[in-house]
There are 2 protein chains.
Amino acid sequence: MRIVAAKDSSAAEVKKLLRKPAFDEIELPDFVRQANSRIFGADLSAAEIVRRIVGDVRKEGDAALIRYAKMIDNVELSTDNMAVTQEEFSAAEADGDPRVVAALKKAIDNVRRYHEEQKSQSWWTTRSHGAMLGQMLVPLSRVGLYVPGGTAAYPSSVIMNAVPAKVAGVDEVVMCVPPKNGKINPYVLIAAKLIGIDKVYKIGGAQAVAAMAYGTATVPRVDKIAGPGNIFVTLAKKEVFGAVDIDMLAGPSEILIVADATADSDYVAADMLSQAEHDALAASILITTDAGLAEQVAVEVEKRVAVLPRREIAAASLERNGMIIIADDMKQALEFANYAAPEHMEILTKEPMALLPFVKNAGAVFVGEYSPEPLGDYMAGPSHVLPTGGTARFYSVLNVETFMKRISVISATKDYLQEAAADIVTLAEAEGLGAHAEAIKLRGIKTV
Amino acid sequence: MRIVAAKDSSAAEVKKLLRKPAFDEIELPDFVRQANSRIFGADLSAAEIVRRIVGDVRKEGDAALIRYAKMIDNVELSTDNMAVTQEEFSAAEADGDPRVVAALKKAIDNVRRYHEEQKSQSWWTTRSHGAMLGQMLVPLSRVGLYVPGGTAAYPSSVIMNAVPAKVAGVDEVVMCVPPKNGKINPYVLIAAKLIGIDKVYKIGGAQAVAAMAYGTATVPRVDKIAGPGNIFVTLAKKEVFGAVDIDMLAGPSEILIVADATADSDYVAADMLSQAEHDALAASILITTDAGLAEQVAVEVEKRVAVLPRREIAAASLERNGMIIIADDMKQALEFANYAAPEHMEILTKEPMALLPFVKNAGAVFVGEYSPEPLGDYMAGPSHVLPTGGTARFYSVLNVETFMKRISVISATKDYLQEAAADIVTLAEAEGLGAHAEAIKLRGIKTV
């Protein structure tokens, strides 16, 4: 794995290495482009394909869903088999290993507890003469979740999306999952059932996003769409943004570990690999102040990757996006880490908690050697749906507020309005809005 | 003005009347299309124009800003005159009427106080064996505000965007304003200076949004763009979404008044007109349970519009988007109001506060007869930057959290990890992620 020392290079050069391409700059692999050419009769960009699919679903509804299921996934979809039936839920329950089901229940409990503790409340404040100002926090009415079901199916993603929505108080949560050979992973269905998800649709890709955004005869229109997906799903979320809200535009998963000489090189290597095994586009980066640790981790990673079940994926990811950076000092290490704005940031140093106030950009921070990322992926409580690709500069981890909105409340009295009136009229007139001034004066309010 | 009674029609028909076209379905007026054909050499849609402008600014930076300023606005922009100078700020201060400046200061104080009261804090919770879970609320580093400067310039919009960003703790706030005859409205500059905005650029339209999203040699790249604008600005915000975050996609302004027989028809009429005078696309709707009030308001509006300074605009708006709906009862009135999800909702009833819990979708609620919308536009404290066009279903009023992000924190101990380990490994293995399981086992943690 590549080792870069800031002292042999420059901070600017290191930052260049940490910069991620924008999610819409990633080239499609050749086999995907060939498949798209076959399907659409032209070598369209991913954005062009998505605009076409979303436009068709918006206009034609279910008919477009059925057509694209056939064209893209070779699936015979119909309005009768789009929604998962009670029989299919029951079959999934019969298939589930009780140990896994018990673990899913425990995860649901932990995620629910953390999100309940986090929930903000509507609030009020008072002003002179009995006026009140406030802010109502109101749950969204209907939310749509996208859960990927391609190369791997993740019941944990159902939990990490749906539990925060339920805690927020969303009336109706629906879910779209692409089926594999006509079926959905049983644990995905079991998790959905345990959480009380109202409807699950066997639809994937940009079509699923469009269906939830605009509604079809079968799929209800939602207020917000959340959850991760491939590049087509992500571009579709951008395309429908405005017709509905979306949680974020996310890409491949990442880990960035900040470590000093006290870190255990075995732990660092194992944690980098737990990220790299996700997919070939995943990124695993170590930033350390210790050249010795850098060397040890590089050796350890090589050794461990060879024996992993998903070694081809992990090796490809490390080759492409694996990196070890040696920083001059911990201040610079954190500067680099904040610049990268990683999805997952682990801090493996002598006093990890002391560094927390210096973290400005990250999806989630894992503090100390007994907080490996898989703890957060499955069990601790915070959602594992996190911003990636440097977007932790501005996006938040998926949380209860993701599924709520804030509404201002203004309740004034005549005396309070009287007190504010002259200034309101002065500003309304300065902005040339005469009827604004008139609405005040008319109420028997003096304005000089 | 059109009066529609739900009992003569049906609830479904009334809802159809309340449905707003999507912001990307609005046809450009002919004169705009002709101007665009002249400039771009083809009858492009607004979305196509915006994609072209944003793409050019992303690739070429300042050069594209200069070219489009000349092409679209016939302005000679250069890298030397993009930023407002200290001399221009001083000239604006010299131009300002002290009464208006005093009113701006009062508005800034009120908006700051409300937003300070609203600010959420980072928080912690504990778990067994000394584990801690938390959530950090961190301000964004750099924010860009768009303030329109076309047909009218609104210093109040500077306050309502910038003060929440400052209260959030954003390090650097920059602003883009389209100049008019090479100048920016002096009160816009005075408000910016009073709030401590770092830089103001004389750039407008989709170009300004692209410049702040990707950065140029002159305009810095920001983390989030907020503020209202015309259809080109709005489509540009959608286009750059993902490279930066944005506040919302907003369209023309709206008021919806819920009133019973106790409401004063003069107040209702005046408040509808204060909305209608904004622009011809603005919407003013009354929903009442009282047929008598409906008649009186219709008469009163006709009378008042004739004497307004901006009567052409207000009359066009009422003709196009003015409506009075008579609901069967207050329950139905609120059902219609929530369906419309208006930007501003006024409640003028006998016991207005009692209806507040039934409000599900609105940008801001104005409770009772002494809370006219202009009070919120200028003075009360909550931001007047609000979701429109039915998007209050999912978007929030601009607020302190608009300029902050949430980062999860997980700090575990060996004993806590031991307690969770078996479930983590069970789930990781069920999802086929062996390296995730390995990262736990390796830490000396037993998993059976």
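Got a sec? Which residues in the range A:160-193 would a label at A:Glu116 touch, if it sits 7 Å along Cα→Cβ and we count backbone N under 15 Å?
Zone members listed by number: A:163-169.
Provide an ascending nm list, one decimal, of label-point separations from B:Gly55 to the equivalent residue in each further copy; define each label point as 7 Å from Cα along Cα→Cβ.
Distances to the matching label points in the other copies: 1.5 nm.
For B:Lys441, place a label point 7 Å out from Cα along the Cα→Cβ vector, do the same in each other copy, and report the separations in nm, one decimal, smallest first.
The answer, with the shortest distance listed first, is 8.2 nm.
What does the charge add up to near A:Ala42, with Lys and Arg as +1, Asp and Glu as -1, over the other residues with Cβ less than 12 Å from its Cβ?
Numbers: positive: A:Arg33, A:Arg38, A:Arg52; negative: A:Asp43, A:Glu48.
Net charge around A:Ala42: +1.
Once you average over the residues of B:355-365, how many Cβ atoms of partner chains fall within 10 Å of each Cβ?
On the way: counts 0, 6, 3, 0, 4, 8, 6, 6, 4, 7, 7.
The shielding value for this peptide is 5.
Using the Cα centre of the protein assembly as shown as origin and beta-carbon charges of +1 (Lys, Arg) and -1 (Asp, Glu), tell me which of B:Ile108, B:Tyr201, B:Pro372 is placed farthest towards the positive end of the dipole.
B:Tyr201
Put +1 on the Cβ of each Lys and Arg and -1 on the Cβ of each Asp and Glu in the protein assembly as shown; which of A:Ile445, B:Val359, A:Ala211 then has its Cα farthest toward the positive end of the dipole?
It is A:Ala211.
Report the charge-dipole magnitude of the protein assembly as shown in Debye, nearest 20, computed about the Cα centre from +1 at each Lys and Arg Cβ and -1 at each Asp and Glu Cβ.
Numbers: 94 positive and 116 negative charges, 48 e Å.
So the magnitude is around 220 debye.
About the Cα centre of chain A, how large is the charge dipole given +1 on each Lys and Arg Cβ and -1 on each Asp and Glu Cβ? Please answer in debye to the nearest 20.
Details: 47 positive and 58 negative charges, 250 e Å.
So the magnitude is around 1200 debye.
Given charges of +1 on the Cβ of Lys and Arg and -1 on the Cβ of Asp and Glu, with all other atoms neutral, how large is the dipole of the range B:289-404 about its Cα centre, in debye to the nearest 20? It would help to have the intermediate numbers written out before the result.
Working: 9 positive and 16 negative charges, 50 e Å.
In total the dipole reaches around 240 debye.
Calculate the length of the line joining the C-alpha centroid of the range A:271-338 to that of the range A:385-405, in whole Å.
Here the answer is 25 Å between Cα centres.
What is chain B's relative contact order, in percent, from Cα pairs under 8 angstrom and six or more apart in sequence?
Working: 853 pairs, mean separation 86.8, N = 448.
In percent, rounded to a whole number, it is 19.
On average, how many beta carbons from a partner chain sit within 10 Å of the beta carbon of a residue in B:120-131?
Counting other chains' Cβ atoms within 10 Å and averaging over B:120-131 gives 2.
Ignoring GluC sites (Glu not before Pro) that are buried or in helix or strand per DSSP, and keeping those with at most 16 other beta carbon atoms within 10 Å, what is the longest stretch of chain B between them? Write out the running numbers ahead of the final one.
Details: sites that count: B:Glu25, B:Glu27, B:Glu76.
Maximal segment without exposed cleavage sites: B:77-448.
On a full-extension model of 0.36 nm per residue, what is the gain between A:Thr79 and A:Lys446, subtracting their alpha-carbon distance, rounded to one decimal in nm? Display every interim value, and only then the final one.
Values: separation 367, 0.36 × 367 = 132.12 nm, distance 6.36 nm.
Here the answer is 125.8 nm.
Say a paramagnetic label sat at a point 7 Å from the Cα of B:Asp24, along Cα to Cβ; which residues of the range B:200-239 have their backbone N under 15 Å from it?
B:231-239
Out of the trypsin sites (Lys or Arg not before Pro) in the range B:310-380, which ones are loop residues according to DSSP with at most 14 other C-beta atoms within 10 Å? It would help to have the intermediate numbers written out before the result.
Working: sites: B:Arg310, B:Arg311, B:Arg320, B:Lys331, B:Lys350, B:Lys360; in loops: B:Arg310, B:Lys350, B:Lys360.
Taking the range B:310-380 and a limit of 14 other Cβ atoms within 10 Å, the loop trypsin sites (Lys or Arg not before Pro) found are B:Lys350.
Find which of B:Ala243, B:Ala263, B:Gly229 sits farthest along the positive direction of the dipole of the range B:227-281, computed with +1 on the beta-carbon of Lys and Arg, -1 on that of Asp and Glu, about the Cα centre.
The listed residue farthest towards the positive side: B:Ala243.
Would you mind listing the distances between the B:Ser120 label point and the same position in each other copy? Use 7 Å along Cα-to-C-beta, nm, one decimal, shortest first.
Shortest to longest, the spacings are 0.4 nm.
Zone of B:Ala291 (label point 7 Å along Cα→Cβ, backbone N under 19 Å): which residues in the range B:329-356?
B:329-333
A short reminder: the numbers here are calculations on the coordinates, not readings from a lab. Note that the structure is predicted; figures quoted are calculated from it, not measured. Every residue, glycine among them, receives a Cβ derived from its backbone with ideal geometry; neighbour counts consider all protein chains shown.
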